[in-house]
1. For the stretch 38-51, enumerate the residues that are part of a helix (DSSP H, G or I) and either in contact with a Ser or Thr (Cβ under 6 Å, 6 or more places away or on another chain) or modelled with pLDDT of 80 or more (or both).
2. Here are some residues: L57, L33. Which one is outside any loop (DSSP other than H, G, I, E, B), in contact (Cβ under 8 Å) with a residue 24 or more places away in the chain and over 22 Å from the mean Cα position of the chain (by Cα)?
3. Are any residues in the stretch 68-97 of a type in the set (A, V, I, L, M) and either modelled with pLDDT under 80 or in contact with an Asp or Glu (Cβ under 9 Å, 6 or more places away or on another chain) (or both), and if so, which ones?
4. Keeping to the stretch 11-30, report how many residues are of a type in the set (G, A, S) and assigned to a helix (DSSP H, G or I).
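The values are calculated or read from the model by the stated rules, or taken from the named source; none is laboratory data. Since the model is a prediction, treat every value here as computed from it, not as a measurement. Here the Cβ positions follow ideal geometry from the backbone for every residue, glycine too, while neighbour counts run over all protein chains shown.
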Amino acid sequence: MFVSLFIVIFFIWLILTNSFAVSKLIVGFIASLTIVGIFKKYSLIRFDKKILLRIMLFSFIYIPVLTWEIIKANIDVARRILTPYFLYDKVDFEVPTATEGDSSQGFISNSLRYPKA
């Protein structure tokens, strides 16, 4: 079982790195072994005859909850877009920084906006 897990993780590593350089292969090999070693204690999970029933029960419970959360999120986004007034207070303040570029100052200014409590 650990060999198959190692092969899957190492294959995913190869896909994500998209390189067959020796250094990346060694790092992927070591990382895959480490992950298999960490998750070895979770190997007690067994697939028995009831697994299909459990998956169906989980889906029966999970899909309506997920659908409801998606509907609520879409309603919230639509409400925020269609609201004629701002939900956030605009606050002007000055923060001294050592940045010189326009993009870095833009990143800092966008990260300093806090929503109304």
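1. Of everything in the stretch 38-51, those that are part of a helix (DSSP H, G or I) and either in contact with a Ser or Thr (Cβ under 6 Å, 6 or more places away or on another chain) or modelled with pLDDT of 80 or more (or both) turn out to be I38, F39.
2. The match here is L33.
3. Scanning the stretch 68-97 gives L87, V91, V95.
4. 2
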